[in-house]
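Chemist: Please find one structure pasted underneath; my questions will follow.
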Amino acid sequence: MEFTERGFSIFGMFVNWYGVIIAFGMLLGLFVAIKSFKKRGYKVDTVIDLALVAIPSAIVGARLYYVIFFTHDYTFWEIFKIWEGGMAIYGGVIGGFIGVLIYCLIKKINLLEVCDCIAPSLILGQAIGRWGNFTNQEAYGSLITDPNWQFFPFAVNIPSSHFTPEATDAVINAFGSVVDNAWFMATFFYESMWNFIVFSVLLLVFYKVG
């Protein structure tokens, strides 16, 4: 087994840390959802059935959204290679919701009540998943040239190999040429912390309202 900053290789297949982090977020979200559903009187089997429908639907939705709306010419078989990256959270939420909606219609379960139980888990998964952006060195913000603010968690140091076109332009404008690395706003961290706050509020409201 070989480890790198982006992931590790096992049995000839490379596994991204991003995927590991997302899987961890899903598992923790499932644990929270089980607690929430049990409080509303649902059986654990119902939560497991929902997860078996919603998670694959979310993965399909995330992949399709990326393939349709992001500029990349995929061959038919490349569309299925999700292990090579290329999914979008917006499509994941849409796909997951469609799966939950279909399940609720078939089982005749109150959709709004189910959404109440799922909402904290969804935002928790997003909060954890954002750390995948850290391992991928992406989803950062504006360039920071003031040394007083060049520290984590306010900023993140990004190598030139991960500069976006906008980041490259900003670096050239600031330094006159492309440098080996530069500091940018750690926007992924800001969103993660905000999501953790929203998760706490939703959980508090859920248990207060009952």
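Chemist: Straight-line reach from Lys38: which aspartates and glutamates have a Cα under 17 Å away, not including same-chain ones fewer than 8 places off?
Modeler: Excluding near neighbours in sequence, the set is Asp49, Glu113, Asp116.
Chemist: Counting only other residues whose beta carbon sits under 11 Å from that of Arg40, what net charge do I get with K and R as +1, D and E as -1?
Modeler: Working: positive: Lys35, Lys38, Lys39, Lys43; negative: Glu113, Asp116.
Here the count lands on +2.
Chemist: Which whole-number percent gives the relative contact order of the chain, counting Cα pairs below 8 Å spaced six or more residues apart? Numbers along the way, then the final one.
Modeler: Numbers: 258 pairs, mean separation 45.9, N = 210.
Relative contact order, the chain: 22 percent.
Chemist: Using just the helices of the chain, give the 222 nm mean residue ellipticity in deg cm²/dmol: DSSP H runs with n ≥ 4 each add -39,500 (n - 2.57), and the total is spread over all residues, rounded to 500.
Modeler: Details: 7 runs with 127 residues, N = 210.
Per the formula, -20500 deg cm²/dmol.
Chemist: On to the next question. Need the full-extension length gain, Val179 to Ser161, defined as separation in residues times 0.36 nm minus the C-alpha distance. One decimal, nm.
Modeler: Full extension from Val179 to Ser161 adds 5.5 nm.
Chemist: Roughly what would the spin-label model give for Leu112 and Trp77, points 7 Å off Cα along C-beta, in nm?
Modeler: For the pair Leu112/Trp77, the computed spacing is 4.9 nm.
Chemist: Using DSSP to define loop residues, name the trypsin sites (Lys or Arg not before Pro) in the range 90-141 whose beta-carbon has at most 16 other beta-carbon atoms within 10 Å.
Modeler: Lys108
Chemist: Could you please put His162, His72 in sequence from largest to smallest accessible area, using a 1.4 Å probe? Please list the in-between numbers first.
Modeler: Details: His162 45, His72 100 Å².
The ranking, largest first, comes out as His72, His162.
Chemist: Please list, in order, the residues from the range 102-145 whose amide nitrogen is less than 18 Å from a point placed 7 Å along the Cα→Cβ vector of Trp194.
Modeler: Those under the cut-off are 120, 122-134, 138-143.
Chemist: Something else now. Taking the Cβ of Glu191 as the centre, find all other residues whose Cβ is under 13 Å away and add up their charges (Lys, Arg: +1; Asp, Glu: -1). If you can, show how the numbers build up before the last one.
Modeler: Details: positive: Arg130; negative: Glu138.
Summing Lys/Arg as +1 and Asp/Glu as -1 gives 0.
Chemist: Under 1.5 on a/c is rounded, so check that first for the chain, then, if it is not, pick prolate when a/b is larger than b/c and oblate when it is not; a ≥ b ≥ c are the square roots of the alpha carbon gyration tensor eigenvalues. Please list the in-between numbers first.
Modeler: Values: a/c = 2.33, a/b = 1.63, b/c = 1.43.
Prolate.
Chemist: Once both labels are modelled 7 Å past Cα along the beta-carbon direction, what's the Asp169-Glu5 spacing in nm?
Modeler: 2.6
Chemist: Sequence gap at least 6, Cα distance under 8 Å: using those rules, report the relative contact order of the range 152-205 to the nearest whole percent.
Modeler: Working: 36 pairs, mean separation 22.8, N = 54.
Relative contact order comes out at 42 percent.
Chemist: Moving on to the next point. Taking the Cβ of Leu143 as the centre, find all other residues whose Cβ is under 12 Å away and add up their charges (Lys, Arg: +1; Asp, Glu: -1).
Modeler: -3
Chemist: So what's the convex hull volume per residue for the Cα atoms of the range 10-108, in Å³? Don't skip to the end; give the middle numbers.
Modeler: On the way: hull volume 12.2 nm³, N = 99.
Once divided by residue count, the hull of the range 10-108 is 124 Å³.
Chemist: How far, in nm, would the chain grow between Phe14 and Lys35 when pulled straight, counting 0.36 nm per residue and subtracting the alpha carbon separation? All intermediate terms of the calculation are to be shown ahead of the outcome.
Modeler: Working: separation 21, 0.36 × 21 = 7.56 nm, distance 3.39 nm.
Extra length available between Phe14 and Lys35 comes to 4.2 nm.
Chemist: Follow-up question, since we're still on this one. For the chain, with only Lys/Arg (+1) and Asp/Glu (-1) charged at the beta-carbon, what is the dipole magnitude about the Cα centre, in debye rounded to 20?
Modeler: On the way: 12 positive and 15 negative charges, 251 e Å.
The dipole magnitude comes to about 1200 debye.
Chemist: Another question, if that's okay. Return one number: the angle in degrees, 0 to 90 and rounded to the nearest 10, between the long axis of the Cα atoms of helix 44-69 and the longest principal axis of the Cα atoms of the chain.
Modeler: The answer is roughly 40 degrees.
Chemist: What angle do you read, to the nearest 10 degrees and between 0 and 90, between the alpha-carbon axis of helix 17-39 and the longest principal axis of the chain?
Modeler: Its long axis makes an angle of about 30 degrees.
Chemist: Ignoring chymotrypsin sites (Phe, Trp or Tyr not before Pro) that are buried or in helix or strand per DSSP, and keeping those with at most 12 other beta carbon atoms within 10 Å, what is the longest stretch of the chain between them?
Modeler: Details: sites that count: Phe11, Phe70, Phe76.
The answer is 77-210.
Chemist: Would you be so kind as to identify which of Pro165, Phe154, Pro56 lies farthest towards the positive end of the dipole of the chain, taking Lys and Arg as +1 and Asp and Glu as -1 on Cβ and the Cα centre as origin?
Modeler: Farthest towards the positive end: Pro56.
Chemist: Within the set Lys108/Lys208; Lys81/Lys108; Lys35/Lys107, which residue pairs have Cα atoms separated by over 29 Å? All intermediate terms of the calculation are to be shown ahead of the outcome.
Modeler: Values: Lys108/Lys208 26 Å; Lys81/Lys108 35 Å; Lys35/Lys107 20 Å.
Over 29 Å apart, Cα to Cα: Lys81/Lys108.
The values are calculated or read from the model by the stated rules, or taken from the named source; none is laboratory data. Not measured: the values here are computed from a predicted model. Ideal geometry is used to build each Cβ from the backbone, glycine not excepted, and the neighbour counts take in all protein chains shown. Heads up: the accessible areas ignore ligands, DNA and RNA and are worked out on the full protein's heavy atoms, side chains in. Shrake-Rupley method; radii C 1.70, N 1.55, O 1.52, S 1.80 Å.
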